[in-house]
């Protein structure tokens, strides 16, 4: 033990001797000076570097916020408190509809009306230093910045309640350093203008908080309290307050309700978040341990409120349509305010998107009054008719894929309906029917559904343009026969809906009966003049390049289709004397200060001459008086001067009826959303559509008879004359046409009235060979000819071309046409005498067989042997027999050239033979 102590003592003495040695002391002094100088140098570098970094940072910050305007108190107050000014909607005549139907429900509330539990929960969770900072917490900002620069996972946010308020009410959610710098600058400024109470109140009204029990998006604690728990914000319990305070971090992740207004299957995320909020409240000293334990264990799900119907649910199609159109209007208004034209918006997609976004924002923020053209009482009455109508037709099965499970299942699909009532002279949309049941199908079938418009296309694209171009008039004869107008098809096309043909018909009659063949034939003669341009002028927006050239477009087979609104609006052009007036629903928009920022202006577009419009509508009068809509008038409770057109889509997928009087136009469409035939047993699809049209019109008449049933009729403009014409050619009557009884009269545009005399008919002799008739030759014996009116072969060629073979189809099966005969060309002589016939007798009746020759026009009966006398001439179209008395008889055949065959065998009739 002593030895060890002695060893340690010696080592200590040695160390002390070394330390106190002069050389050691001198070396230590030098080392100290070196380290001290290095420390001073490092400190200088750090200070200078920090100052430089601070300067650079300050400069960079200044560059980021250089474009941010210096906002005044009034400006910031307007923006911060601009969360409650949602727009109000109005029917026509200033009748209030309600607040703009929005995905966001918000109820303003004062801070004094909010439970302390809510206030404490929000502060504990979202901004624990709220009452201490001046709008920004520096270390939180640096932490967020460091995480951004290093791309490390975000552990906690860097935004105070003040910053969140700035971001949502003044700036955007854009992720950028510039936006963050502006946010910091504005947060500091906001804290100078407003006290903590004002800022907190604004935040509690602004915060997005998921969905309510009806599936609507909600913002603000009052809307959340009502929408989730069915009570006011002042009445919330601790767990309820904690649940709401936890929502801002992930509103739609933690919300308990789905978009459909049902409770989510998995509520765990929201409940876990509620417990996190409670823990922070406990850690922050806002609640004690007992409160924390009880609230954490509380079953919050039993407090969820059931769905509450929204008053605007009665008008879902209407409110969404108003919103869509109001945004479109405001987009243009805002762009024009900045010096941009509508053409600029169409050509620049980014510019359009910019102003559309601004318009959508302003519509919800700036407290506009949106005044519409919709008559509330007529709109309501039409919905009642639509809901109670019993003859839509059967629901049909459709296989659809479940969007959640991906499984295919069969659902029953109903017949849908879309209808719209427009005032002709102004374009006001008085009312519309969007569909059968909004909860099942949200598509607005009146304004947005695009379908084939069938034969309602004919007056718009064929008859109207053809009259305008001087190619047709109401009395123009058109062939309704078996044609092959589409050379790519192996079968005749087009064909009529009943697969029958009616021969030569007038344009008026063809339209009234909705024949397809005459319409396509007429369209083929004007298609090279691009009549689809008239559709453009009348508001068709879905036309394709093919629609300008395809012949099928003339009967409504478009590449895309047309909406009920566009189709109905186009028909009102005829009621307006050929001027198209675009339909509209937004009448005016008024800002919160009462200033009208938008007022609709009627801007007529010249489409047809007044004469064309009148002639076309006069033809459409026949559709209702005697055509495919003849049953409509008897269904109406009033009389008026109606004109219109029915229509059927390809394969009976669509059924249409559009009709107008001098005041209004009502168009209707019915069909399945997934294309299916409307044909069923019982009442026809067209009757079902037409009857619903009549019921809708009756409902509107009951509300506003002066609008719906004007006393005046359509007035004929100057420049129209009534003239007689030949129904065969449409030219001035010839003597032959008059003798045949085929002279008619109709209206013409005076400058396009016929001036040439008819050349379609030839008066002369004809013969009957079999069941056909041919022009007689000069050498044809008169005894076998008949005198009559015959279609000129040249006219036939002009009408149907050289390739058409079944010429007899041209003659209508109607009484007065019985005297008109069809002829292709004169039958030529085959250059030989006919073969003789074989004659037999039965009693007093002679009977013979026809020879093989195909040009036999008749037979001669002789009595008295081979040199007997002619006693009869029998036409070949008659029965090959003849009753005689007693004697010897023989028969010869005669051909069209007058050649006579050798005599037949001789037969004896009534002569006794010797015994």
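Structural remarks
- Across segment 859-915, Cα pairs under 8 Å and at least six residues apart give a relative contact order of 34 percent.
- For 766, 392, order by how many other beta-carbon atoms lie within 10 Å, fewest first: 392, 766
- Gyration tensor (alpha-carbon) shape descriptor, segment 796-851, a/c threshold 1.5: oblate
- Segment 678-718-segment 313-386 distance, computed between alpha-carbon centres (Å): 30
- Label-point gap, in nm, between residue 195 and residue 849 - each point 7 angstrom along Cα→Cβ: 12.6
- Normalised contact order of segment 305-429, rounded percent, pairs of Cα under 8 Å and 6 or more residues apart: 15
- Summarising the label geometry, the points placed 7 Å from Cα in the beta-carbon direction at residue 387 and residue 771 lie 6.0 nm from one another.
- Cβ-Cβ FRET estimate between residue 753 and residue 357, R0 fixed at 51 Å, reported to 0.05: 0.35
- Mean Cβ count within 10 Å, highest first, over the residues of peptides 646-652, 415-421: 415-421, 646-652
- Residue-averaged 222 nm ellipticity for the chain, from DSSP H runs of 4+ at -39500 (n - 2.57), nearest 500: -11000 deg cm²/dmol
- Taking Cα atoms only, the orientation of helix 196-206 departs from the longest principal axis of the chain by about 30 degrees.
- Packing rank of 256-269, 375-388, where each peptide gets the mean count of other beta carbons within 10 Å, highest leading: 375-388, 256-269
- Segment 839-909: C-alpha gyration tensor shape, a/c 1.5 cut-off, then a/b vs b/c: prolate
- Here r is the Cβ-Cβ distance between residue 763 and residue 794 and R0 is 22 Å; the resulting FRET efficiency, rounded to 0.05, is 0.90.
- Label separation (residue 905 vs residue 349): 9.2 nm, computed from points 7 Å beyond Cα along the C-beta direction.
- Cα shape, segment 721-821, gyration tensor, a/c 1.5 rule: prolate
- Segment 201-239 versus segment 400-472: alpha-carbon centroid distance in Å: 40
- Per-peptide packing, taken as the mean over residues of other Cβ atoms within 10 Å, places 363-369, 291-297 in the sequence 363-369, 291-297 from highest down.
- For the chain, the relative contact order comes to 8 percent (Cα pairs under 8 Å, sequence separation of at least 6).
- Binned Cα-Cα distance frequencies in the chain - 20 Å width, integer %: 11, 27, 23, 17, 10, 7, 3, 1, 1, 0
- Using alpha-carbon coordinates, inclination of helix 610-625 to the longest axis of the chain, degrees: 80
- Expressed as a fraction of 2.2 N^0.38 Å, the value expected for a compact globular protein of N residues, the C-alpha radius of gyration of segment 417-511 is 1.50.
All of the numbers you see were taken from the coordinates with simple rules; none came from a lab. The shown structure was predicted, so the numbers you read here are calculated from the model rather than taken from an experiment. Every residue, glycine among them, receives a Cβ derived from its backbone with ideal geometry; neighbour counts consider all protein chains shown.
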